[in-house]
Every structure is written in structure tokens, then in C-alpha cells.
Amino acid sequence: MENATLRLAIRGMNCASCVARVEKSLLRQPDVAAALVNLVTNEAVITAKPGQNLDRTKLIAAVAKIGYHAALIPPSPPNSAASADAQPPLAWRQVSSPRQAMGLMVALGKNPDLRAGLALMLAAPFLLAMLAEGLGKIFSLPLLMNQALLPNWLQAVLATIILFGLGAGILASAGRALRQATATMDSLVSLGALTAWGYSLAEMWFSPSQMSPHLYFEGVGLLVAFVLLGRALEHRARARAGDAIAALRQLQPLTARVQRPGGEQIFSINQLQVGDIVLVRAGERLPADGVIIEGAAAVDESLVTGESLPVSRQMGDKLVAGSLNLDGLLALRVTALGADSMIAQIIQHVAAAQGSKPIWQKQVDQIAAWFVPAIILLAALCFVGWSWGWGVGVGAGDFDRALAAAMGVLVIACPCALGLATPVAMMVGVGLAARRGILIRDADSLESCRKIDFLLFDKTGTLTMGKPMVTDFFSLAFATTQDQTVLTAEIFLIQALQQGSIHPLADSVRRYAEGIGRAADPLIITEVKTIAGCGVTAVINGKKYGFGNLRLFADDPDLASLASAPKLAEWQREKMAAGETVSFLASLEENPRWLGGMSFADTLRPNAAAAVARLHQMGIKTMIVSGDNPAATQRIAAQLGIDAYEGNLTPAGKLEIILRLRQTGKILAMVGDGINDAPALAAADLGLAMGGGTDIAIKAAALVLMRTDPGLVPEALILARRIHGKIRQGLAWAFAYNIIGIPVAAMGALSPQMAAAAMAVSSIAVVVNALSLRWGRGGW
């Protein structure tokens with residue numbers, strides 16, 4: 001089977017050096033253009049060179065050649081029914097033969113929690129003996145200082161079981177690496193543990209009976225136990241990092257209620273087809289993407305938009321699989337399934353972003369690839385130095401001190417933390433962003449978010465609703481008489497004129513009139529005539545009226561200008577100066593005359609002002625770049641307190657502004673939702689597309705806001721900066737730990753068991769710090 005992109009599950013990786021080795025092996029293949037390996041998910045994403053296809057067999061063989069196991073991850077829908085052939089896990093009560101018992105023991109042995117628990121239980125006597133010896137030295141109690149508290153033979157048995165039984169996976173991994181003439185984190189642990197175990201065994205058997213041999217069995221046992229404990233805790237934390245994708249997968253139901261000629265039938269979602277009519281009752285989740293053909297309901301769409309409040313949906317509205325129907329009965333026609341569904345695409349984007357790496361992380365991986373061999377060399381030098389008396393205040397031939405120091409160096413060195421810093425933070429942060437309605441495409445965009453100092457907004461549909469609203473109605477008769485009935489009667493005339501129109505202004509007129517009430521007398525409308533680009537005329541209750549712009553009345557001498565209605569002309573100038581659109585109402589009877597005018601304007605989105613204010617607090621300058629007229633653009637900029645604006649811009653004009661600003665040294669972000677924003681979104685240092693926008697705009701952006709809420713813009717930037725900060729904090733901790741810990745161990749100031757505990761703490765600290773993204777602004 002060949003593909004342009006493949007995903008492989010990789011088994012056997014434990015640290016950043018493993019990641020680097022697998023990536024290097026995959027990149028050696030002639031058809032591979034890029035390979036990204038994730039230590040958290042244990043997956044590799046391989047992309048082919050242009051015009052090439054990938055051979056999975058060769059890729060799997062390349063991974064196996066360096067000592068790891070790889071398997072193809074087939075593409076799958078976001079959720080699917082469990083296989084009928086799947087076997088439940090074996091339980092103790094089901095065991096009826098020695099073979100089944102052995103199989104259960106092997107399965108339990110693969111459980112990291114159980115493995116760590118058993119290791120700690122077997123290592124507990126070592127810990128108690130060390131504690132007793134320490135108390136004996138403090139309080140001068142010879143009985144407690146005697147190593148005979150734990151017989152030598154028992155120490156050997158416990159250490160052997162822990163190392164070769166529970167630690168067999170570590171030794172096997174090191175063996176695979178050795179066969180490939182490479183080294184991993186397991187190589188360091190295995191080399192240190194085997195050396196100490198072999199030395200202790202030799203001392204126990206060959207030392208004179210009258211001498212008490214210096215044994216390191218307790219160091220071996222505690223070393224392996226602490227390593228296994230650290231990996232168990234790390235495994236749990238890493239599993240939590242992938243909760244976002246798991247939650248998305250679980251939201252889609254496994255079955256659907258499908259309407260058929262004979263009535264309702266229950267089908268697996270795998271049996272659904274595009275065009276099926278699906279019924280969704282109150283309290284049920286939608287099984288597929290679709291369009292409502294019957295019914296209305298309040299729907300919780302928080303999984304896609306991050307909006308906690310339900311939204312009202314009715315006939316003709318689109319719905320997304322996994323959304324929750326809160327009330328009412330809905331019938332929808334299925335429009336997308338499987339990989340084409342919105343939830344599957346979200347999962348795909350989130351997974352891709354979680355597996356991506358910033359440029360500087362790739363440099364860290366390169367360092368990690370040389371880390372383990374360098375540590376082995378350092379440990380050898382440390383052993384030779386202590387053996388020959390290079391240590392401070394130590395005479396020549398201090399073999400015990402030399403062995404302890406070398407083991408400490410081997411064990412405390414931790415490339416695991418280097419390998420976990422980026423992927424765990426990306427897993428947690430990108431998943432958290434997805435839950436809030438923000439899709440982050442890759443890790444490089446996080447670097448851009450950190451540096452943004454100038455942000456450009458498209459206006460229509462981004463900062464504004466994109467739908468005109470009635471802002472004012474001016475009546476010449478009302479201005480003279482102050483008779484409210486005259487005012488409302490003329491508004492109902494305009495409503496009647498717009499009754500059958502599909503023009504955007506007509507819809508706003510109808511909503512405005514409905515807010516006032518109903519006409520006192522029924523209006524009979526005849527001879528309706530629409531003049532494109534001008535307006536509409538009609539006969540209402542036997543009298544002819546017109547409503548539109550000045551071009552509609554240009555052929556009538558009495559209405560060719562507003563000279564005959566100076567108050568209306570003054571009102572028009574005020575509205576036009578504010579960037580509003582004006583239409584006029586006139587009587588077209590024997591003596592035509594102006595009756596009044598209605599103004600329209602696009603209205604601000606609810607959170608637009610708060611979003612701009614928050615951006616300013618972050619030190620980010622703002623600007624509107626719009627294709628609308630300069631007056632309308634200025635009005636919105638003034639209402640929001642935006643720093644600068646430009647109107648009447650084409651897509652090329654927006655692009656030119658971005659290029660011009662970049663020459664001044666500014667780091668730019670662009671927020672838009674339309675086709676005309678796509679060039680600017682792609683050219684900016686960071687593009688943010690509103691989820692309600694066009695597919696072209698969304699594809700051009702690095703961040704996608706799944707709901708049309710300007711408040712998501714500063715939230716996305718802040719969250720992206722926090723994710724970036726957690727990555728850098730993790731890497732800083734990992735480097736600092738190694739820079740401090742390795743010299744301390746080399747000086748003989750750390751026992752091997754303490755070094756093992758420190759190594760475990762290092763990895764756990766990096767993972768927990770990344771998980772703190774969920775807990776607010778905290779972290780280390």
C-alpha cells in the first residue's frame with residue numbers, strides 16, 4: 001500500500017535520543033520529505049516528496065532495523081462502533097489453565113503502574129535498610145549500622161528479580177540499541193545497573209569470608225524501581241495530555257435513528273450514507289453533519305465553537321456531528337460522514353498540531369542524539385578518574401567511589417525531559433485551545449504569537465456582524481407634527497415595499513418594523529416593481545410609493561435632488577459622514593414629494609470593543625483594513641478605539657499594507673474571514689481566520705477561530721504564548737537539571753539510587769508543568 005502521507009505507531013521509544021534516531025532513519029529513505037516523531041503519542045507522521053509515494057513496508061523495516069517496532073495506523077472515522085470480534089480483557093476468574101495464567105501474568109507485566117508497584121514493593125527492604133543505617137549513624141547505634149540487617153543473599157535475590165524480571169524491558173531495549181551500535185536512555189540505566197549488579201555479585205562470591213564486602217544490590221534495586229516509577233507517573237501524565245482528542249472522539253454517538261419508508265430504524269453510524277434523513281430527539285447528540293429539514297431546537301455546539309451557551313437552530317441551518325440537541329425534535333439530511341465531517345477535520349488538525357515541532361526543538365533533538373554517547377564517555381572518564389585518585393581528597397584505587405560516581409553520572413543524565421518538553425506542552429495546549437474553539441495548526445505559529453506587536457482586522461464579518469441594521473428613520477411629517485402614528489405608518493409603508501425582497505437591507509427593515517408592532521390597517525400591495533441597484537416601487541392601498549437610493553427617483557423632476565427637502569438633505573449629510581447607508585421614501589402620486597429616509601449600518605460584534613481593549617493592554621497596536629468606504633471604516637475604528645484604518649482596499653491593497661508595515665520591522669497578525677482576506681492572511685507573520693469565514697481564508701491562516709467572536713483573538717494569542725512559555729520552561733528545566741546534576745554526580749555527591757530518583761523527578765516535573773496549562777496561569 002502506498003500513500004503521500006503515512007502515520008506509524010512506534011513502540012520502544014523512551015527519550016529524545018530515541019526520537020532523533022527514528023526521525024533520522026526515516027529521513028534516510030529516498031521518498032521521504034519530512035518525518036515528525038512524537039514521544040508523547042508514540043507516533044511518526046511521514047510525508048512524501050512531491051510526486052512520490054511512500055512504501056509502508058520499507059518504512060516499517062527502516063524503523064525495525066534500528067531496534068524499534070513500527071506499525072501502520074490506518075485512517076479511521078472519529079468514532080466507530082466496537083468490533084464484534086473484539087475480545088474483552090482476561091480476568092482472574094476466567095483463568096482455567098497454566099497457559100492462560102502465564103498469558104495474564106505477561107499482560108499484567110506490561111502494565112507500567114503494576115510494574116512500578118511491584119518494583120517498589122520488592123525494593124522496600126533496601127529502602128528500610130538504608131534508612132536504618134542512616135539512623136544508626138546519626139544516633140551511633142552499631143546494631144542499625146550493621147549491613148547484616150539485610151542478608152547478602154536476600155539483597156542479591158531481590159536485586160536480580162527487580163533488574164532481570166521487572167526491568168527486563170529496559171534491558172531488552174538497551175540490547176536492541178547495542179545491536180545497532182547506538183545508545184539510548186535505557187542504555188545508560190542498563191549499563192549502570194548491570195555493572196553494579198555484576199560487581200556486587202563478584203564481591204559477594206569472591207571476597208574473603210572474614211571481610212564484609214561492599215555491595216551495590218540496594219543501588220540496583222532502587223535504581224530500577226525509581227526508573228519504573230518515574231515512567232509510570234510519566235505514562236499517566238502523558239495519557240492525560242491526549243484527553244482533548246479522546247473527548248472529541250467520544251462525543252459522536254455510535255448509532256443513528258434513520259427515517260425509512262417503513263418507519264424509524266436504528267443503524268450504526270458506519271452504515272449511514274450522505275443524503276440519509278436522521279431524526280434526533282431532545283437530549284441526543286447528532287450522529288453526523290447535516291442540514292435541518294424539519295424542526296427547531298436549542299443546540300449545544302460547544303465541542304466545535306467553544307461557546308458554552310446553546311444556540312437556536314431551525315430549518316436550513318447546518319449542524320455538526322456531536323452537537324447536543326437540548327430540546328425539540330430535529331430531522332436533518334446528512335451532508336458529511338467519516339473523514340469529511342467537521343469533527344474528523346478538527347481531530348486531524350489538532351493531532352497534526354500536537355505532533356508538530358518548532359524549529360528550535362529540532363535543534364534540541366539533534367543535541368539529544370549525541371547526548372547518550374557523550375554521557376557514556378563521561379561516565380567512563382569519571383570512573384577512571386576516581387580509580388586513579390583524581391577526586392578531591394581521594395587516594396588512588398578508590399574503586400567503590402569510582403563505581404558509585406560513574407553509576408550516578410549514567411543514571412542522572414536525562415534526555416527524557418528534553419524529549420518531553422515540547423510534545424507534552426503541545427498535546428495539552430493544543431487540546432485545550434480546541435476545547436475553547438481555537439485550532440492551532442503548528443508549533444511554529446506559537447513563536448509568531450509571542451512576537452506579534454501589530455494586528456490588522458478585516459472589518460465586515462470580523463469586527464462587525466456583516467449584516468446591515470436600521471440605525472435611524474427620519475420623517476419629514478413627524479419632524480413637523482411630532483405625531484407618532486405618522487412615523488409608524490411610514491415605517492410600515494417601507495416594510496410593505498420590502499415585503500418580497502431578498503436584498504440584505506430588506507431583511508433589516510422587516511426586523512425593525514416587527515420590533516415596532518403591526519400596521520393598524522391592512523396594507524394591500526400591488527404593482528410591485530424592483531429596479532436593480534436602485535430600489536422598489538409599489539401601489540399600497542391605491543397609492544404609489546417608492547423606496548430606494550436617489551437613482552430610483554432621478555427621472556422625476558420633483559425628486560431629482562433633495563433641494564425641496566432641506567431637513568432631509570441635512571440628515572442625509574450627517575448619516576453619510578458617519579459612514580452609514582441611506583435610502584429614501586417618497587410618494588409618487590400626481591404631485592411627488594419626499595416623505596423621509598432610513599439609514600443603515602453594519603453593527604459591531606458583541607465582544608469587539610473588549611477584544612481591542614485587551615489587545616492594547618497586551619501592547620499590540622491595531623488597524624482596520626477594509627474594502628468598505630473610508631467613512632464607514634472610520635466609524636467602526638472610532639467606536640472601537642482602533643489605532644489606524646484604511647478603506648476602499650482591494651485584496652492586493654491589503655497585501656501591500658502588510659508588506660509596507662513589515663518593512664518598518666513590525667511583526668504582523670491578520671484577522672479575516674473572506675476570500676479577499678486570503679492573500680493578507682497568508683502573507684502576515686500570523687494569520688487568524690474566523691471559523692464562519694470561507695474555506696480559502698481558513699486554509700490560509702495559521703490559527704482558526706471556530707466561532708465568529710473577536711474575543712477569541714486575544715484569547716488565542718494569550719493561550720499560544722502560554723503554550724510557548726511552557727515549552728521553553730520545560731526545555732530550560734531539562735537543560736538546567738542536566739547541567740547541574742551531572743557534575744554533582746561526577747563528584748560523587750549522589751548515590752546511584754538518589755540519581756535515579758532525581759532523573760524520575762526531572763521528567764515528571766516537565767510533564768506536570770505542561771499539564772499546569774489546564775490549571776490557569778500557573779506553572780514553574
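Look at segment 547-572 and say how many of its residues are under 19 Å from Ile502 (Cα atoms) and modelled with pLDDT under 90. Step through it out loud before you land on a result.
First pass over segment 547-572, keeping only residues under 19 Å from Ile502 (Cα atoms): 547-549, 552.
After this cut, where a residue has to be modelled with pLDDT under 90 as well, the list is 548-549, 552.
Of the residues in that region, 3 qualify.
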I'm checking my understanding of the structure. Among residues of segment 290-316 that are open to solvent by 40 Å² or more (accessible area, probe 1.4 Å) and acidic (Asp, Glu), which one is modelled with the highest pLDDT? Glu294
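Is it true that some residue in segment 681-688 is out of contact with any Ser or Thr (no Cβ under 6 Å at 6 or more places or on another chain), modelled with pLDDT of 75 or more and either in a loop (DSSP other than H, G, I, E, B) or open to solvent by 60 Å² or more (accessible area, probe 1.4 Å) (or both)? Talk me through it step by step, then tell me what you get.
The first filter runs over segment 681-688 and keeps only residues out of contact with any Ser or Thr (no Cβ under 6 Å at 6 or more places or on another chain), leaving 681-684, 687-688.
Going one step further and asking which of them are modelled with pLDDT of 75 or more, we end up with 681-684, 687-688.
Now drop any that are not either in a loop (DSSP other than H, G, I, E, B) or open to solvent by 60 Å² or more (accessible area, probe 1.4 Å) (or both), which leaves 682, 684.
Checking segment 681-688: at least one residue is out of contact with any Ser or Thr (no Cβ under 6 Å at 6 or more places or on another chain), modelled with pLDDT of 75 or more and either in a loop (DSSP other than H, G, I, E, B) or open to solvent by 60 Å² or more (accessible area, probe 1.4 Å) (or both).
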Can you find even one residue in segment 513-529 that is among the β-branched types (Val, Ile, Thr) and touching a Gly at 6+ places or on another chain (Cβ under 7 Å)? yes
Residue identified as open to solvent by 50 Å² or more (accessible area, probe 1.4 Å), modelled with pLDDT under 75 and not in a helix (DSSP H, G or I) among Gln265, Gln273, Gln210, Gln259: Gln210
Please go through segment 600-638 and pick out each residue that is within 23 Å of Asn549 (Cα to Cα), surrounded by fewer than 23 Cβ atoms within 10 Å (Cβ to Cβ) and of a type in the set (Val, Ile, Thr). Thr603
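Going by the structure shown, is Leu324 open to solvent by 10 Å² or more (accessible area, probe 1.4 Å), in contact with a Lys or Arg (Cβ under 6 Å, 6 or more places away or on another chain), modelled with pLDDT of 70 or more and not aromatic (Phe, Trp, Tyr)? Before you say what the answer is, go through the steps one by one.
Values: open to solvent by 10 Å² or more (accessible area, probe 1.4 Å): yes; in contact with a Lys or Arg (Cβ under 6 Å, 6 or more places away or on another chain): yes; modelled with pLDDT of 70 or more: yes; not aromatic (Phe, Trp, Tyr): yes.
In short, yes.
Restricting to segment 14-23, count the residues that are touching a Leu at 6+ places or on another chain (Cβ under 6 Å) and modelled with pLDDT of 80 or more.
Residues of segment 14-23 that are touching a Leu at 6+ places or on another chain (Cβ under 6 Å), as a first pass: 16, 19.
Cutting the leftovers down to modelled with pLDDT of 80 or more gives us 19.
Final tally of qualifying residues: 1.
Right, Ala644: in contact (Cβ under 8 Å) with a residue 60 or more places away in the chain and closer than 30 Å to Val713 by Cα or not? Let's see the steps before the verdict.
Values: in contact (Cβ under 8 Å) with a residue 60 or more places away in the chain: no; closer than 30 Å to Val713 by Cα: yes.
Spelling it out, it is not the case that Ala644 is in contact (Cβ under 8 Å) with a residue 60 or more places away in the chain and closer than 30 Å to Val713 by Cα.
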Segment 1-40, residues that are out of contact with any Phe, Trp or Tyr (no Cβ under 8 Å at 6 or more places or on another chain), open to solvent by 50 Å² or more (accessible area, probe 1.4 Å) and in contact (Cβ under 8 Å) with a residue 40 or more places away in the chain: Met1, Glu2, Ala4, Thr5, Arg7, Lys24, Leu36
Filtering segment 41-59 down to residues that are free of Cβ contacts under 8 Å to residues at least 60 places away in the same chain and hydroxyl-bearing (Ser, Thr, Tyr) yields Thr47, Thr57
Would you check if Trp571 is touching a residue at least 40 places away in the same chain (Cβ under 8 Å) and over 30 Å from Ser626 (Cα atoms)? no
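Please tell me if Thr47 is assigned to a loop (DSSP other than H, G, I, E, B), surrounded by fewer than 24 Cβ atoms within 10 Å (Cβ to Cβ) and among the β-branched types (Val, Ile, Thr). Working first, answer last.
Details: assigned to a loop (DSSP other than H, G, I, E, B): no; surrounded by fewer than 24 Cβ atoms within 10 Å (Cβ to Cβ): yes; among the β-branched types (Val, Ile, Thr): yes.
Answer is no for this residue.
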Could you run through segment 647-680 and say how many residues are in a helix (DSSP H, G or I), surrounded by fewer than 21 Cβ atoms within 10 Å (Cβ to Cβ) and charged (D, E, K, R)? 3
Give just the number: which of (1) crowded, with 18+ Cβ neighbours inside 10 Å; (2) within 32 Å of the chain's Cα centre (by Cα); (3) not aromatic (Phe, Trp, Tyr) does Asp643 not satisfy? (1)
For segment 742-770, enumerate the residues that are in a helix (DSSP H, G or I), modelled with pLDDT of 80 or more and open to solvent by 10 Å² or more (accessible area, probe 1.4 Å). Ile742, Pro743, Val744, Ala746, Ala765, Val768
Report yes if some residue within segment 21-42 is part of a strand (DSSP E or B) and of a type in the set (Asp, Glu); otherwise report no. no
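Can you say whether Ala244 is modelled with pLDDT under 70 and in a helix (DSSP H, G or I), as far as the supplied structure shows?
Judged against the criteria, Ala244 is a match.
The values are calculated or read from the model by the stated rules, or taken from the named source; none is laboratory data. Worth saying up front: this structure is predicted, and the values here are computed from it rather than measured. All Cβ positions, glycine included, derive from the backbone under ideal geometry; neighbour counts span all protein chains shown. The accessibility values were calculated without ligands, DNA or RNA, using every heavy atom of the protein model including side chains. Shrake-Rupley method; radii C 1.70, N 1.55, O 1.52, S 1.80 Å.
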